[in-house]
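Structure first, commentary second.
Read-outs: derived from the displayed coordinates by stated rules, not from any lab. A quick note: this is a predicted structure, and the numbers were derived from the prediction, not measured. Here Cβ is always computed from backbone atoms with ideal geometry, including for glycine, and neighbour counts include all displayed protein chains.
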Amino acid sequence: MKARATWRSTPGNVVIYALILICSAIFLFPMYLAIVNSLTAWYSPPTIVPTGFRWENFAYATTLIAFWRFMRNSVILCLISLATATFTSGLVGYAFARIQAPGRNVLFMIVLSTMMLPGIVTQIPTYILFYKIGFIDTYWPWILGGIGGNAFFIFLYRQFFSAIPKELEEAARIDGCSIFRTYWSIFVPLSFPVVATVAVMNFQNTWGDVITPFMYLRQDHYPLATALSMISYQANGSKQIISQVSIAAGIIFMIPVLVTFFLGQRYVVEGIVTTGVKG
Amino acid sequence: MTEKNRRIAAFYLMISPWFLIFLFLGLFPLLYGLYLSFTNYYGFNMQDLDTVGWHNYRLVFTDTDAMYALGRTLYYTAVTVPLSTAIALGLALLLNRHIPGGGVYRTIFYLPSLVPVISTILMWKIIFSSNGGVLNAILGLFGIEPINWFGYDYATTSLIIMSLWGAGGGILINLAGLKGIPRDLYEAASIDGAGVFQNFRRITLPLMTPIIFFNVLMGIIGSLQVYLQPILLNGSELLARPIQPNYMYVVHAFQQIFASQRFAYGMALLWVLFVVILALSIVVFITSKYWVYYETDQER
């Protein structure tokens, strides 16, 4: 890993570098445009070059709608999901990785196949079920869904725990540790990278989820994702959408996702890579 | 023996949260939905449901809206999946050369796939806007007449372009796959006088097929379920109908269920999609034998 081949400016390499720069520009361009167009005057047409620096658009993004209330709702849903799914997925992944039991392989095949199942097929019947139980406009869908863990996270944890040497576990067993003690005192402290990966991905999923809250919650309890897709930014008495302020809100909305990714980048990249290759 | 039984008990105890919720929120809704698709459930008649046999399914195949939407969805998938797979592979190939600052570019390519859908859509609305939109301004520099990107002729193209912006999502897996190709293969090839393109065709591409296979399969499953992007790119309300060419299959199902309360029919629509996804996945799996290269010593 350490020995890096040196990069020489041969003609081939220069062409490749130029291609990389062009592609980077293309991929960054929409982000650049978003920033430029969030700072222009209200109702002005889209522009490529900056025509103004009205930072107050970002303030309007948080005051023209009940932005902070929606954000608080987003935070609540994310916390519920983080507290439940990160924890139980680890426990389940550990059991699949380290404990021999009859039926283990069949059950793990079921975990994998739920990853392929289109979510939409179960979403509507679940909605009907929750409606009948009286779970509409409560956090139960998130709590229960979280306790059940997530197939992909279980898979990540299993891959991670499978790679830990057997000797560690045997030493603990000789010392008379129970299975739960072994998990808690030996495996959990080692699992920071995978916990970080799962936490970041879990946050991204819940933060960006539009449709689940739309189905289960009433408007007052919408998180930002759903609110931004249902409510538009309009000035008093005007029907016209203020696109500058909408884009500003879109930028604010994506900042937490990008920040958490950068914080956990080292682990997330590793996590995706190991699952993709070994899976 | 007791030790063994204790371990078995611990296993089942530890997986029980997942297993119970899987039964309650996975398997049960799946079968319940299947059952509902054979009834006349429309939201208020839970007490006196009638089973109607295959009626809802016959309706799906005679519903011109549903068939049109299925066609559009298959078209969208057929264009998006190969293109995004190729883009993700191409970008990974570019970065697989110890480029100075490679990590930064990797992040730049990967970043768009992280941006939440809502933010993505808000961004691309400015680009496609016909009222002084950015894309038209750029095309204007090359003497191309302004295009109505939200209009009938180009709405799906817009949707595809926006989806391709997130194609870098596959780059991490691709890079890992490329790193896994043994260097000596290329060295042996270069001794035999192989060029860059021969290397790619004879070494890189065959050895990358398992990862390409994974990307294609996941891409198909995701693309067939597209609904948020087509709805919000044109409208600004979740129950709004997108412009006709972007009227995708799941959009139609959502319209039936949430706007018209046709729950039973909606479930039949979704089960048809489920079967289509399953069938396509099986086709990809079976044909993978012919185009996916697996090392012979798989049991490592």
Legend entry - Average beta-carbon neighbours from other chains, 10 Å sphere, peptide A:39-47: 3
Inset, instruction - Calculate the all-directions average of the projected area of the stretch B:71-202's alpha-carbon convex hull, and give it in nm². - result: 11.2
Legend entry - Computed over the protein assembly as shown, Kirkwood Rh from alpha-carbon pairs, angstrom: 26.0
Inset, instruction - State the three equivalent ellipsoid semi-axes of the stretch A:60-274, derived from the C-alpha gyration tensor as the square roots of 5 times its eigenvalues, in descending order and whole Å. - result: 39, 20, 14
Inset, instruction - Convert each backbone phi in the stretch B:222-230 into a coupling constant with the Karplus relation 6.51 cos²θ - 1.76 cosθ + 1.60 (shift: θ = phi - 60°), then list the ³J(HN,Hα) values in order as whole Hz, x for Gly and Pro. - result: x, 5, 5, 9, 4, 8, 5, 4, x
Legend entry - Relative contact order (%) - the stretch B:64-155, alpha-carbon pairs under 8 angstrom, separation at least six: 13
Legend entry - Longest to shortest principal axis, alpha-carbon extents of chain B, angstrom: 79, 77, 33
Legend entry - Electrostatic dipole magnitude of the protein assembly as shown [Cβ: Lys, Arg +1; Asp, Glu -1; Cα centre; debye, to 20]: 800
Legend entry - Over the stretch B:1-126, equivalent-ellipsoid semi-axes from the Cα gyration tensor in Å: 41, 34, 15
Inset, instruction - Using only alpha carbon positions, build the gyration tensor of the stretch A:219-260, then give the equivalent ellipsoid semi-axes as the square roots of 5 times its eigenvalues, largest first, whole angstrom. - result: 21, 14, 6
Inset, instruction - Would you please state the base-10 log of I(q)/I(0) at q = 0.10, 0.20 1/Å for the stretch A:150-270, with intensities from the Debye formula using one equal scatterer on every alpha carbon? - result: -0.51, -1.11
Legend entry - Three principal axis lengths of the stretch B:150-278 [C-alpha, angstrom, descending]: 67, 31, 21
Legend entry - Alpha-carbon spread of the stretch B:203-300, three principal axes, descending order, Å: 55, 28, 23
Inset, instruction - Identify which of A:Ala25, A:Ala61, A:Ala235 has the largest mean-square fluctuation in a Gaussian network model of chain A, with springs joining Cα atoms closer than 10 Å. - result: A:Ala25
Legend entry - Cα pair distances in the stretch A:11-58, grouped into 5 Å bins until the bin that holds the longest one, percent each: 5, 21, 20, 15, 10, 10, 8, 6, 4, 1
Inset, instruction - Would you mind checking which residues have amide H under 5 Å from B:Thr39's amide H? H placed 1.01 Å from N; only 5 or more apart, or other chain. - result: B:Val52
Legend entry - Top of B:Tyr290, B:Tyr186, B:Tyr227 by mean-square fluctuation, Gaussian network on chain B, Cα under 10 Å: B:Tyr290
Legend entry - Ranked packing of B:72-83, A:46-57, most packed first, by mean Cβ within 10 Å: B:72-83, A:46-57
Inset, instruction - Collect residues whose amide H, placed 1.01 Å from N in the peptide plane, falls under 5 Å from the amide H of B:Tyr247; neighbours closer than 5 in sequence don't count. - result: none
Inset, instruction - Would you tell me the mean number of C-beta atoms belonging to other protein chains that fall within 10 Å of each C-beta in A:252-259, as a whole number? - result: 3
Inset, instruction - For a quick protection proxy, order the peptides A:119-132, B:113-126 by their average other-Cβ count within 10 Å, most packed first. - result: B:113-126, A:119-132
